[in-house]
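Reading through the structure tokens given below for one structure.
Computed from the coordinates by the stated procedures, all read-outs in this text should not be read as laboratory data. The model shown is predicted, which means the values in this text are computed figures rather than measured ones. Cβ coordinates were reconstructed from backbone atoms using ideal geometry, including for glycine residues, and neighbour counts include every protein chain displayed.
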Amino acid sequence: MGYKIGELIRWHERYTDDFLIKDVGSGVIVERCDESRYTHGPHAMYRVFRIKHSDVMLFEEIELERLSK
């Protein structure tokens with residue numbers, strides 16, 4: 001899929017068990033990082049400015065949804 005810097009997205013923060021969602025909000029992509037290889041296979045990682053919390057957090061690509069086109 002891939003996201004671009006500056007793109008508006010919805011993020012999903014999961015608990016470590018991967019089954020329950022801990023928090024959800026909107027944010028902006030600020031950086032694309034190296035790919036991770038967790039249990040779901042290789043996924044790009046992104047640093048996201050979370051509007052709700054006014055901070056930057058690292059997310060896997062599968063934890064993000066595009067809000068703008």
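Among residues other than Val30 whose Cβ falls under 13 Å from its Cβ, what is the net charge (Lys/Arg +1, Asp/Glu -1)?
Values: positive: Lys4, Arg32, Arg47, Arg50; negative: Glu7, Glu31, Asp55.
Result for the neighbourhood of Val30: +1.
What ranking, highest mean first, results for peptides 44-53, 9-18 when packing means the other Cβ atoms within 10 Å averaged over each residue? Mind showing how you got there, number by number?
Working: 44-53: 16.7, 9-18: 13.1.
Highest-to-lowest ranking by the protection proxy: 44-53, 9-18.
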